[in-house]
Number of protein chains: 2
Amino acid sequence: MITFDTHPDRYKHWQLTFDGPIATLSMDVREDAGLSPDYKLKLNSYDLGVDIELADAIQRLRFEHPEVRTVIVASLKERIFCAGANIMMLRGSSHVAKVNFCKFTNETRLAIEDASANSGLRFLAALNGICAGGGYELALACDDILLVDDGNSAVSLPEAPLLGVLPGTGGLTRVVDKRHVRRDLADFFSTLVEGVKGKRAVEWKLVDAIFPTSRFKEAVQARARELAATSDRPEHAAGIVLNPLNPTVTESSLKYSAVTMTINRDKRTADLTIQAPTGPQPSTPDEILKAGDQFWALRAFRELDDALLRLRVNEPEIGTVVVRTEGDGAAVVAIDRTLLAHQSHWLVREIIHFMKRTLKRVDLTSRTFFALIEPGSAFAGSLFELALAADRSYMFHDDNEENVVTLSPMNFGPLTMSNGITRLQTRFLDDPAKIAELAALDAPLNAADAEEAGLVTFAPDEIDWDDEVRVAIEARAAFSPDAMTGLEANLRFAGPETMETKIFGRLTAWQNWIFQRPNAVGDKGALKVYGQQGRAEFDWKRT
Amino acid sequence: MITFDTHPDRYKHWQLTFDGPIATLSMDVREDAGLSPDYKLKLNSYDLGVDIELADAIQRLRFEHPEVRTVIVASLKERIFCAGANIMMLRGSSHVAKVNFCKFTNETRLAIEDASANSGLRFLAALNGICAGGGYELALACDDILLVDDGNSAVSLPEAPLLGVLPGTGGLTRVVDKRHVRRDLADFFSTLVEGVKGKRAVEWKLVDAIFPTSRFKEAVQARARELAATSDRPEHAAGIVLNPLNPTVTESSLKYSAVTMTINRDKRTADLTIQAPTGPQPSTPDEILKAGDQFWALRAFRELDDALLRLRVNEPEIGTVVVRTEGDGAAVVAIDRTLLAHQSHWLVREIIHFMKRTLKRVDLTSRTFFALIEPGSAFAGSLFELALAADRSYMFHDDNEENVVTLSPMNFGPLTMSNGITRLQTRFLDDPAKIAELAALDAPLNAADAEEAGLVTFAPDEIDWDDEVRVAIEARAAFSPDAMTGLEANLRFAGPETMETKIFGRLTAWQNWIFQRPNAVGDKGALKVYGQQGRAEFDWKRT
């Protein structure tokens, strides 16, 4: 079983060092410490294990090191920055594993950009040598890219010409949409195995600056200081500690403090339940700091995030996740209000953005989510986003109208989806009047009202509830899992597209297609024969 | 060989009738007249041949019938509107054929929306009965959908639950992005084989109105008149005739009046050459009307459009198209200026939008385009869009600086891509100053200046030209065709996404992926076993 818990003390592939406001995150991949013994992680190439450490480092920099303003992403290997995803690993991976790997690495790179855009944490890629494929895509996620000018070191995206696949971590999208490299130059660059170096790399906007070897380190430090000056992170704050989550794991369940996931393998479903907070809650930044990672908003969403990640990589056959909440919705709304009242505080800001990223993880998980809103549930405010993120929601229409859902200000702004708008805006596309009407509500809604307001899909009464819910879940589980993945990937993202949704929509969908094609993965496919004797043989039909 | 030339007199599957400003385009598919004898086109189901007639009808309504303001899309079969794409046809089609079929049908439905948005031609879907899958997607492309309320007739998208694939003609995108059906209702609807009928179909925004059988015809006519009142088409204009193009066809070439395409099967390339106009050209709407379909702007682009379509369906192994122009660039610019000076005239408007749609067809053709700009070429104004649409352009840097490219106002607005912006805006993304600078230029650019301005990719001189161009074309032809398709589909569409690009990017890419998956097309795949004995068997892994 793959788990996502790690810590800088246990990193095998990265070193994290600190110098006041500047941290250096250095890649030094251990060849023999891949997740599988079937491949060697040569030349700072990576597998999912390497990326799990990277994701952990970025998270800890946000929560544990508020004093850090610039992160230099560097390498400890001489004249090698990073050779990208390990090709032997990709070759040996199943389709599902390849797709899941790309999804997680994409989320990690987007987390880098999120940290820069929303948390004042600048990232500087210091390319000291070979920077190919996923290595360059990691650099592309940074704010600034400096390349050593040694007559040899180049940036490249050799996937298409060498392996017959696309750069899978947003490379094509970021080259044209983020760095605004001209599309014809991008076309040339993306078909060039040897890449582009020196002055041309700057002229084409592939990197921001080049420096000779003798001045490289100094230039990196100087640029890191410049970037630090653009940050709004606090000067003398102390971070909190992100302790291990330590869920109780059985063959068919994961149990955290506020989150439980039960796997029903025979039905190919999972039951996911999130508990609302209980007892007194912190109401000031100081109290939140003191609560640290035990503060419900952070704790529950960290647990949810971890459960989703484990589900993705360890339970591929679980097609439907039934989401429930339990407890006091008013307590969730109270926490939402506390968070928003203090959102300018660095830690509160981090918590809100973490909740946002976790909910995006739901949107991007290729499993069906059905929310069941039953008496005793706590679908309120930020937890109600789970119902909005679900493909459908069923709300029990009870006679005494005690089963309610509640909106909070958290539903109207901070928790944006990848498409840049809120789940309510996506739900009521181009209907701002409807959103305004909902925002003006200041009371919980019973089932009839919630259905009338369009906040839930169906509201069966006691007579219908059991059958309707059971049939819906059973029917879903019987459909083609691929068709459901495609259906959900389209219906979940109504409205605008952003660089982020382009990476998961357009780029990922094409890559998944290519990852299935004999031209890549057949016996004579380019990904299969790379590094072996013989050349790839293609079916030349253009599709 | 599949060709695209047809005429209402020869339609097998549609009937086009006229009643003043209201035309009725009625589907009456001949079961035994499919493109292949392997399937029967039952229940108004369709194959590419049916859609070629539909595309022809829409085109002729724009050019030949300027008096028409509303098109009623109807059926002549009782209680059957359209059952969608023929499933036996899909089952028997190769992956390439399926993908090409979907691309063309998507372009045709977008042509309906283009006619409404830009040509004042309103479309009213009159659903007199069964309206499933592609049948409902055709309705979704119309401005208004009226459904008979007979207790039985429903709209449905049964592809996912029944066949394990997606609705492939924009259905999912249009449901949420055009009609703003709530995503959870869209999820439910898209998994419901029997579809949604009656009042619920209206409440969920799936259709605009329902009428009982007794009042249906009358209601359709009334609504058609209302829609006609919103049109700005001319009252008493006479159309022009779109005559057959009649190219000279050999085993390896297509020769039209202004367009030539030569197929080099051994190299897997095609040479595509467009001739600039020669001789005196019309300069007023009356002269353009008189010239009719022989006016260069319409004739050359119709020929280009036809050549692209034939290439797509008949020459799947031709991976690279080398685009050249010949003649007097100034003559192209002069025509561009004439068109723009009279763009409010109905025919001129039609010609400009047709040029736009043809150039979109280039963007959406999954073949590499390299433009070669050589002495004697005419890459000017609207023809220069071909260089901008190309994945790369090579401009011969001649010593005497006679080889030039020229911009015209046509490059700065009317010829938008599917992403809603011009090719220059896409090329210089987020750099309006650069666009303004180019718009202010009022002279042809030689190779050095064009390269400096970023208008061409490379400008090799006489010493390098032959080798550089040859190597580029040979290298391209050797790459994985799938990787090139994916690469181009990403790099060509920098910048914003629209409903149109979502259909070709997100939706199509997912559909292509599903079309490759054993869960759809394997021996036990849903698409393979539909209508046979036995049930589909799925690999349950979610991807």
Degrees, to the nearest 10: A:95-119 long Cα axis against longest axis of chain A: 90 degrees
Give the carbon-plus-sulfur fraction of the accessible surface of the range B:25-83 in %, rounded to a whole number; probe 1.4 Å, heavy atoms of protein chains only. 47 percent
Go through the range B:345-422 and name the GluC sites (Glu not before Pro) that are in a DSSP coil and have 16 or fewer other Cβ atoms within 10 Å of their Cβ. B:401, B:402
Relative packing of peptides A:408-420, A:45-57, A:21-33 - highest average C-beta neighbours within 10 Å first: A:45-57, A:408-420, A:21-33
Would you kindly work out, in nm and rounded to one decimal, the distances from the label point of residue B:264 to those of the same position in each other copy, ordered shortest first, with label points 7 Å along Cα-to-Cβ? 6.3
Mean Cβ neighbour count within 10 Å, used as a protection proxy, ranking B:324-334, A:277-287, B:215-225 highest first: B:324-334, B:215-225, A:277-287
Considering the options B:275, B:228, B:253, tell which one lies farthest towards the positive end of the dipole of the range B:201-302, charges being +1 on Lys and Arg and -1 on Asp and Glu at the Cβ, about the Cα centre. B:253
Using a 7 Å offset from Cα along Cα-Cβ at residue A:230, what residues in the range A:113-129 end up with backbone N under 19 Å from the label point? A:113-127
By the scheme Lys and Arg +1, Asp and Glu -1, what is the net charge of all other residues having a beta-carbon under 15 Å from that of residue B:342? -1
Buried accessible surface, A vs B, both sides, probe 1.4 Å, in Å² to 100, equals 8500 Å²
Top positive-direction residue, dipole computed over the range A:369-472 with Cβ charges, set A:414, A:425, A:371: A:414
Computed Rg/Rh of the protein assembly as shown, alpha carbon atoms with Kirkwood Rh: 0.96
Any idea which of A:139, A:333, B:403 is furthest toward the positive side of the dipole for the protein assembly as shown, if Lys and Arg beta-carbons carry +1 and Asp and Glu beta-carbons -1? A:139
Only Lys, Arg (+1) and Asp, Glu (-1) charged, at Cβ; the range B:428-543 dipole about Cα centre in debye: 1660 debye
Averaged over the residues of A:493-502, the number of partner chain Cβ atoms within 10 Å of each residue's own Cβ comes to 5
Within 10 Å, count the other beta carbons around each residue, average over each peptide in A:363-375, A:501-513, A:228-240, and list them highest first. A:501-513, A:363-375, A:228-240
Aspartates and glutamates within cross-link reach of residue A:217: Cα-Cα under 19 Å, excluding same-chain residues under 8 positions apart? A:19, A:28, A:78, A:143, A:144, A:149, A:150, A:208, A:226
Degrees, to the nearest 10: A:481-491 long Cα axis against longest axis of chain A: 80 degrees
Distance in nm between pseudo-label sites at residue B:7 and residue B:26 (7 Å out along the Cβ direction from Cα): 2.3 nm
Residue B:95-residue B:257 FRET efficiency (beta carbon distance; Förster radius 30 Å; 0.05 resolution): 0.25
With a sphere of radius 13 Å drawn around the Cβ of residue B:455, what net charge do the other residues whose Cβ falls strictly inside it have (Lys, Arg +1; Asp, Glu -1)? 0
With +1 on the Cβ of every Lys and Arg and -1 on the Cβ of every Asp and Glu, and nothing else charged, how large is the dipole of the range B:162-307 about its Cα centre, in debye rounded to the nearest 20? 620 debye
Which distances in nm, rounded to one decimal and ordered from shortest, link the label point of residue B:468 to the equivalent label points in the other identical copies, with labels set 7 Å from Cα toward Cβ? 6.8
Would you work out the charge dipole size for the range B:405-458 about its Cα centre, treating the Cβ of every Lys and Arg as +1 and the Cβ of every Asp and Glu as -1, and quote it to the nearest 20 debye? 240 debye
Can you give the average number of partner chain beta-carbon atoms within 10 Å of each beta-carbon in peptide A:128-137, as a whole number? 0
Surface accessible to a 1.4 Å probe, per residue, for the residues of chain B, Å²: 35 Å²
Take every residue in peptide A:150-163, count the Cβ atoms of other chains within 10 Å of its Cβ, and give the average of those counts. 2
Under 12 Å Cα to Cα from residue A:267, which aspartates and glutamates show up? Leave out anything in the same chain fewer than 8 places away. A:317, A:474
Restricting attention to the range B:477-542, which GluC sites (Glu not before Pro) occupy a DSSP loop and are surrounded by at most 14 other Cβ atoms within 10 Å? B:537
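The values are calculated or read from the model by the stated rules, or taken from the named source; none is laboratory data. Worth saying up front: this structure is predicted, and the values here are computed from it rather than measured. Cβ sites come from the backbone with ideal geometry, for glycine too, and all protein chains shown count toward neighbours. Side chains included, ligands, DNA and RNA excluded: accessible areas come from the protein's heavy atoms. Shrake-Rupley method; radii C 1.70, N 1.55, O 1.52, S 1.80 Å.
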